[in-house]
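Below is one structure, written out as structure tokens, with a few remarks after it.
Just so you know, all these numbers are worked out from the coordinates, no wet-lab data involved. Computed from a predicted model, the values in this text were never measured in an experiment. With ideal geometry, Cβ positions are generated from the backbone for all residues, glycine too; neighbour counts draw on all protein chains shown.
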Amino acid sequence: MKIIRQNKDIKKLLEKKYKFSFIPTMGGLHKGHEFLIKEAKRRKNRTMVSIFVNPKQFNSKTDFKSYPRNLKKDIKILKRLKVDYLYIPSYRAIFSFKIKNKIYLDSFSSKLCGKFRPGHFKGVVNVVNRFLELISPKYLYLGNKDFQQLILLKKHIKKNKIPTTIVSCNTIRMRNLLPYSTRNNNLSKKSIKLASKVFNLIRKEKKLIKRKKVTRINFLKLRKKLSYIGIKKIDYIKAINLSTLKYAKKHNERFNIFSAFYLNDVRLIDNF
Ligand code: PAF
């Protein structure tokens, strides 16, 4: 695996006219990332992973600082997976050039996380757009756990006619239903147990909505249950229709339940 830190080396590499499957990450690699990489390796393109903790998508300096980082371990994982290129840019390398595309933020950005993390999606679309302008990958691999991010990036790519195809990959979960996430590293054992309870309750709720043929979906009872088991701060629990991206009201819509809640200072999100 070749490690690239400078844009001039990216430019040199592009002269070879390889087709790239690109997996952008902020490091702290886990089984979810591994799945994205394994999926990317199924195509015969060169694989490129980036590790860049993008300050522009964090809402506070403390959150940015406490984001789990472990470059040594990440490099070991990427070598084991036989990734071709690892790109570790500096802040300057990413943010010092003028972009060609116009950052497009679809109105879906004002729902869910967008309501609670002002500027977050703008930061995500900005940084991924920069990666796309630098690398021009044929495929971009993203996980469904960050569904809102994935949709907003799809819309930005379409609007700007960027010749990159997004490949969306399933969420990978532990046996206790907790989705793999870099932020899990900041959870205590007790919090992991509690998070697992939350996700099990949400999964049950979805089954209940379907079984009882609910025609006005609401989560009042679920919120009470979550508060009872010790969840003090919930940003949102919402059913979203996966085709229209509007709030789902009825059992027979194709929807997922999206949630964001805190365990101590750690914010977790999921949807299923
Ligand atoms: O999902 C992430 O880890 C980040 O939002 C991404 C896509 C790498 C952009 O910084």
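In this Cβ point-charge picture (+1 for Lys and Arg, -1 for Asp and Glu), the chain has a dipole of about 680 debye about its Cα centre.
Here region 119-175 is assigned +1 on the Cβ of each Lys and Arg and -1 on the Cβ of each Asp and Glu. Its dipole about the Cα centre then comes out at about 160 debye. All distinct Cα pairs of region 202-272 go into the 1/r average, and the inverse of that average, the Kirkwood radius, is 12.6 Å. Considering only Cα atoms, the convex hull volume of region 4-54 works out to 70 Å³ per residue. Taking 7 Å steps out from each Cα toward its Cβ at Leu220 and Leu201 produces label points 1.7 nm apart. As a ratio to 2.2 N^0.38 Å, the alpha-carbon radius of gyration for the chain is 1.04. Applying the criteria of a DSSP loop state and at most 15 other Cβ atoms within 10 Å to the trypsin sites (Lys or Arg not before Pro) of region 195-232 yields Lys212, Lys213, Arg216, Lys232. Here Lys212 is the anchor, and the lysines within straight C-alpha reach of less than 20 Å, apart from those fewer than 8 places off in the same chain, are Lys204, Lys221, Lys224, Lys225, Lys238, Lys249, Lys250. If we count every other residue with Cβ under 11 angstrom of Leu105's Cβ, Lys/Arg +1 and Asp/Glu -1, where does the sum land? Summing Lys and Arg as +1 and Asp and Glu as -1 gives +3.
Of the beta bridges in the chain, as assigned by DSSP with both residues counted there, near 45 percent are antiparallel.
Of the trypsin sites (Lys or Arg not before Pro) found in region 1-38, those in coil by DSSP whose Cβ has at most 16 other Cβ atoms within 10 Å are Arg5, Lys16, Lys17, Lys19. The residue list Phe108, Ser60, Leu178 was ranked by how far each Cα lies along the charge dipole of the chain toward its positive end, using unit charges on Cβ atoms, and Leu178 comes out on top. So which of Lys2/Lys79; Lys61/Lys122; Lys100/Lys155; Lys56/Lys233 end up more than 21 Å apart by C-alpha? Lys56/Lys233, as the Cα separations exceed 21 Å there.
Once the other residues with Cβ under 12 Å from the Cβ of Lys225 are scored (Lys, Arg +1; Asp, Glu -1), what is the net sum? Net of charged neighbours comes to +4.
Taking the fewest neighbouring Cβ atoms within 10 Å as the starting point, the ordered list for Thr47, Thr215 is Thr215, Thr47.
Angle between the Cα long axis of helix 189-211 and the longest principal axis of the chain, 0 to 90 degrees, nearest 10? Rounded to the nearest ten degrees, it is 70. Dividing the C-alpha radius of gyration of region 157-238 by 2.2 N^0.38 Å, with N its residue count, gives 1.43. Can you pull the semi-axes for region 1-101, root of five times each eigenvalue of the Cα gyration tensor, sorted largest first, whole Å? One finds semi-axes of 22, 19, 12 Å for region 1-101.
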